[in-house]
1. For Cα pairs less than 8 Å apart in space and 6+ apart in sequence, what is the mean separation divided by the residue count of the chain, i.e. the relative contact order in percent?
2. If r is the Cβ-Cβ distance from Ser134 to Thr154 and R0 is 35 Å, what FRET efficiency results, to the nearest 0.05?
3. How high is the relative contact order of segment 18-73, given as a whole-number percent (alpha carbon pairs under 8 Å, six or more residues apart)?
4. I want to verify the translational diffusion coefficient of segment 72-221 in µm²/s; compute it with Stokes-Einstein, Rh as the Kirkwood radius over Cα pairs, at 37 °C and 0.692 mPa s.
5. With a sphere of radius 9 Å drawn around the Cβ of Arg18, what net charge do the other residues whose Cβ falls strictly inside it have (Lys, Arg +1; Asp, Glu -1)?
6. Given an 8 Å cut-off on Cα distances and at least 6 residues of separation, report the relative contact order of segment 36-186 as a percent.
7. Report the convex hull volume per residue for segment 40-90, counting only C-alpha atoms, in Å³.
8. With each label point set 7 Å from Cα along the Cα-Cβ vector, what nm distance links Arg219 and Ala301?
Amino acid sequence: MPKASAWESSSSAFNEPRSVVRKLLARTQHEGVGAIVRRSIGGLELRHFDPFLALDEFSVTAPAGFPDHPHRGFETVTYMLQGTVRHEDFEGHKGTIEAGDLQWMTAGRGIVHSEMPAEEGTQKGLQLWINLSSKHKMIEPRYQEMPSNDIPETLVDGVKVRVIAGESLGIKSPVYTRTPTMYLDFTLQPDSHLQQSIPNHWNAFVYVLEGKGVFGAARSPPVAAHHLLLLGPGGDGLEAWNRSPKPLRFVLVGGEPLREPVAQLGPFVMNTEEEIDQTVEDFANFRNGFEKARHWQSESAERFEF
Ligand code: FJE
Ligand code: FE
């Protein structure tokens, strides 16, 4: 038997690589209160990418942040890159999300919470919004939280992966994805190459965090940080190369499309306009999951009096 070559041993088998069908630069915009986000999914250029509703690369420096606000009908996945965010919700669930940590929040029928910087300096991270199917929009809220040390990680032939959701290079995340989702954080050293399988029929994208990478086809031009790449529907895997002298870091995210109508009003995402009207009414009247919003405000709101 010949010795496995570098890329064979760092690969996961697939038949046909997917190609990049669209490239989008995420420009900065203001969100929350004084916070800055690079929004790639969820903006005017790309409204949704089923089942994904939004992808924000956020940057917050106190006193900016995301003070008390509601969510209904989807999940927010917060993955910290730098610094610390403090969160608290109307049920008394609170804590900090530090660099490398993950918070997978299923808002379901309703959450009201705040997400604020917890340190000096700039806090950075990614927040992904994943839609829930009509069957699951009104489920009880729940959290899955993983401190950095608990996120499965491995290094094979210059390719490091942190498995936020799904499976890669022989390791698996314990996170339960109500909407079937994969979420992988890759760092490729110079001259390394990756092959990662992606389920057929799933929508999938790459978001580049650092460095420059070649994705999809070996002859395509390198792509720099803050770009979103949509992968085509054909094929069952991603091929990526780092031919630059610096590390390349990107996330690969995929999900099974829900193929349902989306009605959105800010942080409320339902299937129909009637359900959105009902949600606005529920929130205003503290009903159907928003009961605890009546007498709650976050400690940060008390401190800063927004
Ligand atoms: C917001 C609804 C929201 N991007 N990235 C409306 F939920 C939000 C919001 C966020 C957010 C929070 C974090 Cl920690 C990271 C985010 C939007 O809280 F800004 C508006 N306008
Ligand atoms: Fe939020």
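1. 21
2. After rounding to 0.05, the efficiency reads 0.40.
3. 32
4. 195
5. -3
6. In percent, rounded to a whole number, it is 23.
7. It comes to 115 Å³ per residue, whole-number rounded.
8. Those two pseudo-labels are separated by 5.7 nm.
Every read-out reported here was derived from the displayed coordinates using simple, explicitly stated rules and does not represent laboratory data. Given the structure is predicted, the values throughout are model-derived calculations rather than measurements. Cβ sites come from the backbone with ideal geometry, for glycine too, and all protein chains shown count toward neighbours.
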